[in-house]
Amino acid sequence: MLYLASQSARRRELLDQIGVRYDTVELDLPEVRAPGEPPADYVSRVAREKARAGLLKLSGVRDAIVLGGDTEVVLDDEVFGKPADADHATAMLRKLSGRTHEVISAVWLVSDGHEEHAISRTAVTFATLDATTIAAYVASGEPMGRAGAYAIQGRAAAFVCRIDGSYSGVMGLPLFETSALLRRRGLHD
């Protein structure tokens with residue numbers, strides 16, 4: 001049985017979109033980047049820790065396979081994470097304005113005696129955003145709880161002038177890579 005180690009409604013929606021059967025295991029793990037840790041290593045480590053913690057929480061469940069994922073926005077080696085408040089969201093969006101950033105999304109499948117993963121890297125280019133546009137977007141509340149202070153599947157779609165990579169990866173779960181991992185384990189057609 002597949003378990004999703006995530007509280008993310010977007011990850012659940014994405015798994016539902018491709019018809020995967022799963023249950024969830026709720027976790028609350030700290031996500032702290034170690035000094036000098038490369039962004040891709042950090043994202044992969046967090047996703048793996050989520051999957052492993054989920055498996056540990058399900059220790060009495062036979063044949064549990066846990067999917068853990070993490071997605072971060074990276075610009076100039078800075079990992080943006082989720083904004084703490086409206087001012088933080090505004091600062092993030094100002095930095096992303098008119099620039100190309102990278103969205104790194106890692107997926108780990110963990111079970112007793114088996115671990116495998118995939119990483120998706122997507123380049124996203126934002127148009128130049130003026131202060132009024134940023135303020136209106138932040139006031140909408142959409143940036144809160146989102147890596148990089150934006151949701152590509154929401155109002156921020158109007159900011160994206162180019163994407164090179166995985167749209168679903170930017171949303172929070174790269175479906176091509178996830179589907180391939182699940183197929184190898186017999187969990188997806």
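The values are calculated or read from the model by the stated rules, or taken from the named source; none is laboratory data. Predicted, not measured: the structure shown is a model, and the values here were computed from it. All Cβ positions, even for glycine, are placed from backbone atoms using ideal geometry, and neighbour counts span all protein chains on display. Keep in mind that these areas ignore ligands, DNA and RNA; they rest on the heavy atoms of the full protein, side chains included. Shrake-Rupley method; radii C 1.70, N 1.55, O 1.52, S 1.80 Å.
Side notes on the structure shown:
- Residue pairs meeting the criteria (Cβ under 6 Å; at least 6 apart or on separate chains; first closer than 30 Å to Thr128 by Cβ, in segment 98-113; second surrounded by fewer than 19 Cβ atoms within 10 Å (Cβ to Cβ) and hydroxyl-bearing (Ser, Thr, Tyr)): Gly98/Thr128; Thr100/Thr125
- Taken together, the criteria place Asp23 among residues that are surrounded by fewer than 13 Cβ atoms within 10 Å (Cβ to Cβ), over 19 Å from Arg121 (Cα atoms), touching a Leu at 6+ places or on another chain (Cβ under 8 Å) and of a type in the set (Asp, Glu).
- Residues of segment 1-20 classified as within 14 Å of the chain's Cα centre (by Cα) and open to solvent by less than 80 Å² (accessible area, probe 1.4 Å), total: 10
- The set of residues in segment 140-189 being open to solvent by 40 Å² or more (accessible area, probe 1.4 Å), in a helix (DSSP H, G or I) and among the aliphatic types (A, V, I, L, M) consists of Ala157, Ala158.
- Residue in segment 115-127 that is open to solvent by 30 Å² or more (accessible area, probe 1.4 Å), within 19 Å of Ala158 (Cβ to Cβ) and without any contact (Cβ under 8 Å) to a residue 12 or more places away in the chain present: no
- Residue tally, condition part of a helix (DSSP H, G or I), out of contact with any helix residue (DSSP H, G or I) (no Cβ under 7 Å at 6 or more places or on another chain) and either under 22 Å from Gly186 (Cα atoms) or small (Gly, Ala, Ser) (or both), over segment 80-134: 2
- Consider segment 28-77 and keep the residues that are basic (Lys, Arg) and closer than 24 Å to Met171 by Cβ. The one that is surrounded by the most Cβ atoms within 10 Å (Cβ to Cβ) is Lys50.
- Of the residues in segment 75-85, none is among the β-branched types (Val, Ile, Thr) and more than 25 Å from Ser6 (Cβ to Cβ).
- Any hit, segment 172-186, residues being in contact (Cβ under 8 Å) with a residue 60 or more places away in the chain, more than 19 Å from the chain's Cα centre (by Cα) and on the phi < 0 side of the Ramachandran plot: yes
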